[in-house]
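What follows is a set of notes on a single structure, which appears directly below.
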Amino acid sequence: MKEAFELPPGLWEYTFNSICRSSSGRQLGQQVTALFYTQLHFSPSMKRITISKSYGPSDSFNSKFVARYQSYRFLFWTILSLAFLLPFIFIGVALVTLEEVNTCTSIYCLARKLGPKVPWRPKDSSAQRKDIYTVIVQASEKSLPKGTRVPESFGDFIVELEENHYDVTTSILKLKAMVELQEQKLQTAKLRAALYRHYASNGIPKGMHCLSLRLTAEYSSNARARQELPPPELAPCLIDNSLHHLVLITDNVLAASVVVSSTVTNSAKPEKIVFHVVTDKKTYAAMHSWFALNSLVPAIVEVKGLHQFDWMTKENIFVLEALEGHQGIRKFYHGDHTVGTDHIDSPKMLASKLQARSPTYISILNHMRIYLPQLFPSLDKVVFLDDDVVVQQDLSGLWEIDLQGNVNGAVETCRGEDKDVMSKTFKTYFNFSHTLIAARFKPEECAWAYGMNIFDLQAWRQTNITNVYHFWQKQNLKHNLTLWRFGTLPPSLIAFSGYIHPISPYWHMTGLGYHAKTNIQNVQKSAVIHYNGHAKPWLDIAIQELRPFWEKYVNYSSEFMRRCNIIES
């Protein structure tokens, strides 16, 4: 049936707006319509409502309807009442929600707080975390029975889990055993790598051995390779204190060529440079041949062997006598290097122990720096360079530094941006558990770097530095090498204590031979870069990002380099 009626003017707008403002007015209309199978039809002018009511779903297929009149007053007051009450209901629910779930940040959280406690609802994530933590803690206190197979990989673990249907505790115990097994393998691999690096760093590459042999042969057959260095007319320059004298003590021909070449190349006044290259007897011919055949004019280069110094006797050099006669030293440095190590050592600790046993530390050339005043009695000031450095800037400013009466101008290594390199104090080098060391020195006293040093030889001759060096070497021998682990630097730290003048870190950057995370920009700006450590730039184990700074000064065009297959990497 149908009933049509027309709303009074203005009443329809008020009613319609009230329904729209009600958040559930539309839903209410749909529910009422569904209940009475009623259809509301609005006229185009929105001023007439036609209500159609059927008595069953099947009536929708009929074209005839039974109409009856309904009073619109009931519908109007019902809708109006709901429009008035629904906002208050909404505000009440909102207040309760905000009060109970003020920490919720998701719809799921709100539903969890307000919803019913149904069994299918997901478990609280915080409770899950607590359960997992409890199981893991319990498992950490247990271990698998001995002989239990441990999965080699996570894939093996999944397969085993599917086949055996382990409970949670057993599964975690399996994972724990698997992680421990992998940690043991990783530790073993790191220790083995440290040992291999140690042996590689102490070996002589085939190309370098070939270079030394070919240059030695050239010295015996080529008069030009045997020519005097420097020429007789320039000999007076070797003791001229108005020139810039640099000292290099090494038996590595390739390394020496880079040090001298880089210094002369970057010098603002190469004509003022005088290089004193000191080597041992077996390398003298090869070293002399290289610098005789590869002139660096206008710089002056002198090559001299230890056997050519009249002053060099066992009576004058205590270290020489000790190194030749002390069997304990030779066994320590040339024996089994794994003695004294432990599988529980960290790779860093093992590398440190191995480095302390490097045979280079008992090389007489390594100790000759402590005898500079005696080797060069006519010189007042020299700059000492190690053979694993590269000079990138003009060094003439070093001779202008006033050492203020001190003997050694050096870069301190106890402070700086790079904590892996610039954090060296006395406790880094000395065994402070030994009473002799603990009673004499302070563990936090600042250390300094060997490798680029300014030595005032005049001031040095007025001190007792060399004798103090001898004394502590004897003490270390007396106590079976237990006072320190590294070669020449620890006794030098003691001997030069009180005679150090700190210079700017710009002059000497260390760590390129062991610190892979070296700042490249700092390397580029430094006057001298030092590859101290086992990863020397001429070795295969060199840090590849830092090697080009050294290779830049290698003379790959040399005939001897090509014959020995020393090529650019």
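The values are calculated or read from the model by the stated rules, or taken from the named source; none is laboratory data. Here the structure is a predicted model, which means the values were calculated and not measured. Every residue, glycine as well, gets a Cβ built from its backbone with ideal geometry; the counts of neighbours run over all protein chains shown. SASA here: full protein model, heavy atoms, side chains in, ligands and nucleic acids out. Shrake-Rupley method; radii C 1.70, N 1.55, O 1.52, S 1.80 Å.
Subtracting the Cα-Cα distance of residue 269 and residue 418 from 0.36 nm times their residue separation leaves 50.4 nm of extension gain. Just to verify a number: FRET efficiency for residue 281 and residue 401, C-beta to C-beta distance, R0 = 51 Å, to 0.05? My answer for the efficiency is 0.90. Ligands, DNA and RNA left out, the 1.4 Å accessible surface of region 408-506 is 50% carbon and sulfur atoms.
The residues of region 362-470 expose on average 40 square angstrom of accessible surface per residue, using a 1.4 Å probe on protein heavy atoms.
Each peptide in 299-307, 427-435, 528-536, 467-475 was scored by the mean count of other Cβ atoms within 10 Å over its residues; highest first, the order is 528-536, 299-307, 467-475, 427-435.
Here the spin labels are modelled as points 7 Å beyond Cα on the Cα-Cβ line, and at residue 565 and residue 233 they lie 4.4 nm apart.
Packing here is the average count of other Cβ atoms within 10 Å per residue, and on that basis the peptides 261-273, 241-253, highest first, run 241-253, 261-273.
Under 5 Å from the amide H of residue 305 lie the amide H atoms of 279, each residue being 5 or more positions distant or on a separate chain, with H modelled from the backbone and absent for Pro and chain starts. Approximating the spin labels as points 7 Å out from Cα along Cα→Cβ, the residue 519-to-residue 134 distance works out to 5.1 nm.
Rounded to whole numbers, the Karplus 3J(HN,Hα) couplings from phi for region 160-174 are 5, 5, 5, 6, 9, 6, 5, 6, 5, 4, 5, 4, 5, 4, 5 Hz, using 6.51 cos²θ - 1.76 cosθ + 1.60 with θ = phi - 60°, and x at Gly and Pro.
Here the spin labels are modelled as points 7 Å beyond Cα on the Cα-Cβ line, and at residue 478 and residue 181 they lie 5.5 nm apart. For the listed peptides 211-221, 135-145, a ranking on the average number of other beta carbons within 10 Å per residue, highest first, reads 211-221, 135-145.
A full extension of the chain between residue 156 and residue 213 corresponds to an added length of 15.0 nm, given 0.36 nm per residue minus the alpha carbon distance. Just add up the charged neighbours of residue 567: K/R +1, D/E -1, any other residue whose Cβ is under 14 Å from the Cβ of residue 567. Counting the neighbours of residue 567, the net charge comes to 0. Lys and Arg at +1, Asp and Glu at -1: add these up for the other residues within a Cβ distance under 12 Å of residue 137 and post the number. Summing Lys and Arg as +1 and Asp and Glu as -1 gives +1.
Remark: region 220-270 carries 43 Å² of accessible area per residue (probe radius 1.4 Å; ligands, DNA and RNA excluded). Once backbone amide H atoms are built at 1.01 Å from N, residue 511 has 530, 532 as its partners under 5 Å, excluding neighbours fewer than 5 places away on the same chain. What's the center-to-center distance, using Cα atoms, between region 163-239 and region 249-285 in Å? About 24 Å separates the Cα centre of region 163-239 from the one of region 249-285. Amide H contacts under 5 Å for residue 247: 276, 383, 384, 385, restricted to partners 5 or more places along the chain or on a different chain, H placed in the peptide plane at 1.01 Å from N. Apolar share of the accessible surface for region 200-294: 55 percent from carbon plus sulfur atoms, 1.4 Å probe.
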